[in-house]
Amino acid sequence: MKVKSKVLLILHIPPPVNGAAMVGKYIMDSQSINETFDADYINLTTSFDLGSIGKGSIGKIFTTMKVILRTAKALLKTNYDLCYVTLTAKGAGFYKDFLIVCLLKLFRKKIIFHFHNKGIKESKSNFIKNGLYRLTFENTQSILLAPQLYSDVSDYVHKENVYFCPNGIPDIEQDSPSSSRDITGDPVCRFLFLSNMMRQKGVFVLLEACALLDGMGLPFECHFVGAWSDISETEFNRAVSEKGLKGKVIAHGPKYGGEKIRFFKESDVFVFPTFYHNEAFPLVNLEAMQQGLPIISTPEGGIPEMILDGQTGFLTNQGNVSELAEKMIFLINSPGSRVAMGMAGRRLYEKCFTLSNFEHNMKTILVKAMIVEPT
């Protein structure tokens, strides 16, 4: 009987629900990965709700100490062939993760990082941070979500030590949803935004674009789905009222499971005008592709790897209200293009972004990382 390689995976799992945590759960639950490796898992999460992300607290210090102790116990108990860490690129999260990396290096472990965010290039400005990054990346390998993100780590990581692995999500249904959308009945085009209600996710950019559309008398609705974050429900509804968009723009709060899928199925276009500083490879775009929706988004992070501009949707410059409105107008007036783009997005999802593709790529990378010596 072949002995499995031993792997320690230190990663984020929900709560809270965000892209990195969901991918961590997919890895942890993967039958394929767990059949290939003798894997142990440690939850790296110290923020258990959206409001506490990026904020310090006594509770986080104690949680961090618990993670370090669990890691130390695991290393004392097992001689791992590879240690995998979903390293936070910057901020307080990086310093927390740095302590764990130091512990792994003390035990002389082979390390591979998996980045679900970015910000290293903009955070290396001072001498201390630059030194910490150099120490962190020395003799390690890294997994990035898309080639567009390599520039963020290029000062510290040779390209030979980098693997690219796009995220994937589990399939909800096998039939192409876009093929059954009615484009001859209701003239109203329904736009959907689904993410945490944050300024940097482009919530107010989209709201301004909706105001332009309304001023032109175009038939549309825009539905916002997501947990309230740095935008409150009161603030959002006040802005909707001030712009005279009541009845056309509606916020529904967070939705999960079947309720979330229902919003995708009842929509015609997905809009995600993000300029979020940590945006790397948002799963919500993959969910929209899976459901056969054309997407209007931005070239933030690895999004250009997901959305083929002019084929599966459109990429607009971050914060550009008029450009966003222009693409929304085109799709209101071109229902045939909506369906064609949505079907093309669905095909691209099936080819590149299924969960089985992701699991296969991750498994291949982890096996190779054990063999290759970092340069």
Count - residues of region 291-306 that are over 11 Å from residue 346 (Cα atoms) and part of a loop (DSSP other than H, G, I, E, B): 5
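Quick grid of which residues meet (1) open to solvent by 50 Å² or more (accessible area, probe 1.4 Å); (2) touching a residue at least 40 places away in the same chain (Cβ under 8 Å); (3) touching a Ser or Thr at 6+ places or on another chain (Cβ under 7 Å); (4) at positive phi:
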site	(1), (2), (3), (4)
192	no, yes, yes, no
197	no, yes, yes, no
213	no, yes, no, no
218	no, yes, no, no
228	yes, no, no, no
235	no, no, no, no
253	no, no, no, yes
258	yes, no, no, no
Residue list for region 98-154, filter: closer than 19 Å to residue 46 by Cβ, within 19 Å of the chain's Cα centre (by Cα) and free of Cβ contacts under 8 Å to residues at least 60 places away in the same chain: 113
Of all residues making up region 160-173, the number that are among the β-branched types (Val, Ile, Thr) and at pLDDT 95 or above: 2
Residues of region 262-290 satisfying the condition of being in a loop (DSSP other than H, G, I, E, B) and within 17 Å of the chain's Cα centre (by Cα): 272, 273, 274, 275, 276, 277, 278, 279, 280, 281, 282
Boolean, residue 281 is under 18 Å from residue 224 (Cα atoms), surrounded by 16 or more Cβ atoms within 10 Å (Cβ to Cβ), modelled with pLDDT of 95 or more and of a type in the set (A, V, I, L, M, F, W, C): no
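Table: residues versus (1) among the acidic types (Asp, Glu); (2) under 26 Å from residue 374 (Cβ atoms); (3) crowded, with 18+ Cβ neighbours inside 10 Å; (4) at pLDDT below 95.
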site: 136; (1), (2), (3), (4): no, yes, yes, no
site: 143; (1), (2), (3), (4): no, yes, yes, no
site: 147; (1), (2), (3), (4): no, yes, no, no
site: 151; (1), (2), (3), (4): no, yes, no, no
site: 154; (1), (2), (3), (4): no, yes, no, no
site: 158; (1), (2), (3), (4): no, yes, no, no
site: 178; (1), (2), (3), (4): no, no, yes, yes
Output for region 235-261, where each listed residue is charged (D, E, K, R) and in a helix (DSSP H, G or I): 235, 238, 242, 259, 260
Total residues in region 185-224, condition in contact with a Gly (Cβ under 9 Å, 6 or more places away or on another chain) and at pLDDT below 95: 1
In region 317-330, residue most open to solvent (accessible area, probe 1.4 Å) [restricted to those that are over 18 Å from residue 303 (Cβ atoms) and not hydroxyl-bearing (Ser, Thr, Tyr)]: 326
Of residues in region 27-50 being touching a strand residue (DSSP E or B) at 6+ places or on another chain (Cβ under 9 Å) and in a helix (DSSP H, G or I), the one modelled with the lowest pLDDT: 50
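The values are calculated or read from the model by the stated rules, or taken from the named source; none is laboratory data. Bear in mind the structure is a predicted one, so any value in this text is a computation, not a measurement. Every residue, glycine as well, gets a Cβ built from its backbone with ideal geometry; the counts of neighbours run over all protein chains shown. SASA here: full protein model, heavy atoms, side chains in, ligands and nucleic acids out. Shrake-Rupley method; radii C 1.70, N 1.55, O 1.52, S 1.80 Å.
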